[in-house]
């Protein structure tokens, strides 16, 4: 298991960022080159299950990864667990908190990444990509919130 943790501060209020971050159907528009497709297969209360096809550019070729993810939405937290695919058992948790200093949102991201043997050689690349994609998503939803 590999662990990735980072924090960031964005100027938009936590509720608006949370709303956009949990709009899973719109994620494809945020990441057209990394997220080939996303489909909601089950939605009930605070739980959403999605099927995604991710694209990672590796040294040799583009690699498509098919996975199923269970998202639990309970403001201010989103907890996503990959329940099927090569990263099965991985958990991504994002917490949106009102900034303690000034306006805006403090965002805490924690990823527990489990990688199957087939993809072990790409562990460092995958860790970097996950952090970049997640950070990019948060910046993009911040821009949407500020301009929309």
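At a glance:
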{"item": "Net lengthening on full extension, residue 116/residue 62 (0.36 nm per residue, minus Cα-Cα)", "result": "17.6 nm"}
{"item": "Packing-based exposure ordering (other Cβ within 10 Å, fewest first) of 27, 66", "result": "66, 27"}
{"item": "Length-normalised contact order of the chain in % [C-alpha pairs under 8 Å, at least 6 apart]", "result": "28"}
{"item": "Largest-first principal axis extents, alpha carbons of the chain, Å", "result": "45, 31, 26"}
{"item": "Exposure proxy ranking, count of Cβ atoms within 10 Å, fewest first, for 128, 63, 105, 12", "result": "128, 63, 12, 105"}
{"item": "Crossing angle, helix 123-147 versus the chain [Cα axis fit, 0-90 degrees, rounded to tens]", "result": "30"}
{"item": "Order of 56, 24 - criterion: other Cβ atoms within 10 Å of each residue's Cβ, fewest first", "result": "56, 24"}
{"item": "Additional length obtainable on full extension of the chain from residue 70 to residue 143, 0.36 nm per residue less Cα span", "result": "23.7 nm"}
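Where a number appears in this text, it was derived from the coordinates with a stated rule and is not lab data. Remember, it's a predicted structure, so these values are computed and weren't measured experimentally. Neighbour counts are summed over all protein chains in view; Cβ atoms, including those assigned to glycine, are modelled from backbone coordinates with ideal geometry.
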